[in-house]
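Pasting in a structure now, in structure tokens, and then I'll have a few things to ask.
Please treat every number below as a calculation from the coordinates, not as lab data. Note that the structure is predicted; figures quoted are calculated from it, not measured. So basically every Cβ, Gly included, is an ideal-geometry build from the backbone, and we count neighbours across all protein chains shown.
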Amino acid sequence: MACLAHSQKKAKQNPADGYAQQIDEQRQNKTLSAKSLDHMSATGGSVTGYYLGSKLVLIYTVYSGENGYLSYSYYLRHDSLLLVQEAQVYWKLSTEEDYERFDAYRLKHTDKDGVTDLSEWPMETDDNNRYYFRDTAIVKAELKSFKKPKTATKEEIAEKNKELLRRMRIHCGELEYVRE
């Protein structure tokens, strides 16, 4: 009986997740000011900084490609990186025939506002990762591929740590330029 009661308790939310949820709600309610840089890649992409007053609290980047996209959400608190959410979504498009079928699919599944429902098209990659930071180091990583947990070596996490910090510094510099 005690095991059953324990399993029914709600898991405690990580404070970084609660903060990210709060920032996302403020972004949706338009209580954050935004500065954007568009056309960051040849096929589409942008960097957007969201500010609470004069403090940068979120950097959202998306890089679109011919057959998918890569996006990052960098959550900052007290000028420190707290959490990075990374999404990599790529659809299966290997042959010329795939591209022709994909064009027909897009025509059929795109609404009048230009939004395409890609939920029925086969995917090659569907990764959703969360990296939790303390100071400038990843202290926890939750990695998922097609909604299933996956693992990474310490070396892979160390490389990802360097990559995410490098990208964040670049984006902070780009956003400083836009704010001036």
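Can you name the condition, by its number, that Trp91 falls short on among (1) closer than 30 Å to Ser54 by Cα; (2) in contact with a strand residue (DSSP E or B) (Cβ under 6 Å, 6 or more places away or on another chain)?
Every condition holds for Trp91 apart from (1).
If you check Glu176 against the conditions, is it under 20 Å from Tyr60 (Cα atoms), surrounded by 10 or more Cβ atoms within 10 Å (Cβ to Cβ) and among the charged types (D, E, K, R)?
Here the answer is yes, as Glu176 does meet what is asked.
A follow-up question, please. Provide a single number: the residues in segment 125-180 that are part of a strand (DSSP E or B), farther than 15 Å from Ala87 by Cβ and among the hydroxyl-bearing types (Ser, Thr, Tyr).
Total satisfying the criteria: 1.
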